[in-house]
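J.: If you scroll down you'll find the structure; I have some questions about it.
The values are calculated or read from the model by the stated rules, or taken from the named source; none is laboratory data. All values reported here derive from a predicted model rather than from experimental measurement. Glycine also receives a Cβ, built like all others from the backbone with ideal geometry; neighbour counts cover every protein chain displayed. Accessible surface is based on the protein model in full, side chains and every heavy atom, while ligands, DNA and RNA are left aside. Shrake-Rupley method; radii C 1.70, N 1.55, O 1.52, S 1.80 Å.
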Amino acid sequence: MNPRFRVVVPLAACLVLGGTLEWALRDMSSAPSPETSLAVPSASGLPSSVPGPSVPSPSVESGAATGPAPAASQALAAREEPPPESEEADSPPQENDPIEPEQPQTAAWRHEKLVRITQLLDRDVERLEAERQSASARGDETESRRLAVQLARHRVRLGSLREETAVMADAARQEEQAR
């Protein structure tokens, strides 16, 4: 027996039965009582005593059988349920808190950020180096080469970050002296 057959057929049956059950429950919950069905026509303009299909006939060949049921149930729900009224329309408008100005991004602030980024990248380089050594030890050359390339890129970025950090440290010192 095909393994897909064991999964697809029960799944399709559940989808069809679930859609049918949902459709039937909505049909039953929206049906008017027998006393009002004679006096009040339905919202669609058709008399509510006209019989409709109570349960569609399911075809269990594929999942395509569930296509029309959700569209029909959505149309029923949209036609019979009025849209809920917005509570926001009834309430008075609220005033927003004032937006605080952005803090100045001084040279010292930038230097601190660069130092933190450099620390994180250093930690990543150490982790990648350990992973590369582990991959080499277990004989996974593809993973080892991939990690080596990633390490090389991280080290290049780390070198440029260290240069930027040195420049920013000088700028932060000059900014502090100017104060």
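J.: Between VAL167 and ARG127, what length in nm is gained on full extension when 0.36 nm per residue of separation is reduced by their alpha carbon distance?
T.: The VAL167-ARG127 span can extend by a further 11.7 nm.
J.: Under the Kirkwood approximation for Rh and a Cα-based Rg, what ratio Rg/Rh is obtained for the stretch 105-178?
T.: 1.21
J.: Using a 1.4 Å probe on the protein heavy atoms, what percent of the accessible area of the stretch 105-178 belongs to carbon and sulfur?
T.: Percent of accessible area from carbon and sulfur atoms in the stretch 105-178: 50.
J.: Still on this structure, I have one more. Name the residue farthest towards the positive end of the dipole of the stretch 105-178 from the options GLN174, LEU120, GLY139, assuming +1 on Cβ of Lys and Arg, -1 on Cβ of Asp and Glu, about the Cα centre.
T.: Of the options given, the answer is GLY139.
J.: Taking the simple approach of a point 7 Å from Cα along Cα-to-Cβ for both LEU158 and GLN94, what is their distance in nm?
T.: In this crude spin-label approximation the distance works out to 4.8 nm.
J.: In Å², and per residue, what accessible area does the stretch 105-178 have when probed at 1.4 Å with the other protein chains present?
T.: Here the per-residue accessible area is 70 Å².
J.: Same structure again: Can you tell me how much longer the chain between ARG146 and THR118 gets when fully stretched, taken as 0.36 nm per residue apart minus their C-alpha distance, in nm with one decimal?
T.: Full extension from ARG146 to THR118 adds 7.9 nm.
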